[in-house]
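The structure appears right after this line, and notes come after that.
The values are calculated or read from the model by the stated rules, or taken from the named source; none is laboratory data. In this text the structure is predicted, and so the values were computed from the model without any measurement. Don't worry about glycine lacking a Cβ; one is built from the backbone with ideal geometry, like all the others, and counts go over all protein chains shown.
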Amino acid sequence: MFVGDSLSLNQWLSLTCMLHTSNPHAQYKLFKTGGLSTFTFPAYKIKVMISRNAFLVDTIATTAGRVLKLDSIESGKMWKEIDDLIQEGDRMFKDMDRLVAYEKGLKTWARWIDNNLDTTKTRVFFQGVPPDHNKGSHRAQLVVERVLRSMKSPVHLLNVTTLSQLRIDGHPSVHWCLAGVPDTWNVLLYAALTQRKTN
């Protein structure tokens, strides 16, 4: 299961295209329910899902607009049954530094992973931050690395920052099957999956 924003959607679409291309005559099903899309190959018992959740933490709609609940991750309940995964209290802020909010949200996600997933059954992968997603800055990637180091659960970091910086299409805005950076991310994911299976 992929969880994330348009970059995760790019990677999910790339992977489903790669799977379909490997056996184009195989039956497949694609369905969407709310923010959850599922691609299945019934004959192979493969299911690849994406939950569109750009912030990993909960968001709520208010009269003032969308509010991030940086200390809540109720939407993560659906992640518990997956084999391979990839507002703060009562205080309201009119504005907050993006990296501070990002770190608070990641820490909420990290606590949720540490407290809710059985990592003997579920492997967790976290895709790093492509540089174009943050105006070429590596600061968000440093936040990711710091939070992952603080976790008690093993999380495999798919560090795509430098790799993506080397390609002009490192932050693709197209969501269809074209060879490119998301395909390379999936090659890295495949290598991590097979390496961990054999160790």
**Asked** How about region 109-132: which of its residues are in a helix (DSSP H, G or I), crowded, with 21+ Cβ neighbours inside 10 Å and modelled with pLDDT under 90?
**Response** P131
**Item:** Residues of region 168-182 satisfying the condition of being closer than 22 Å to P24 by Cβ, modelled with pLDDT of 60 or more and more than 15 Å from the chain's Cα centre (by Cα)
**Value:** A179, G180
**Asked** Which fully enclosed strands (runs of 3 or more DSSP E) of region 1-80 have 1 or more residues being surrounded by 13 or more Cβ atoms within 10 Å (Cβ to Cβ)?
**Response** 2-4, 36-41, 46-52, 58-62, 65-69
**Request:** For region 145-156, indicate whether the set of residues that are part of a helix (DSSP H, G or I), basic (K, R) and at pLDDT 80 or above is non-empty.
**Result:** yes
**Asked** Within the bounds of region 38-52, is there any residue that is on the phi > 0 side of the Ramachandran plot and of a type in the set (G, A, S)?
**Response** no
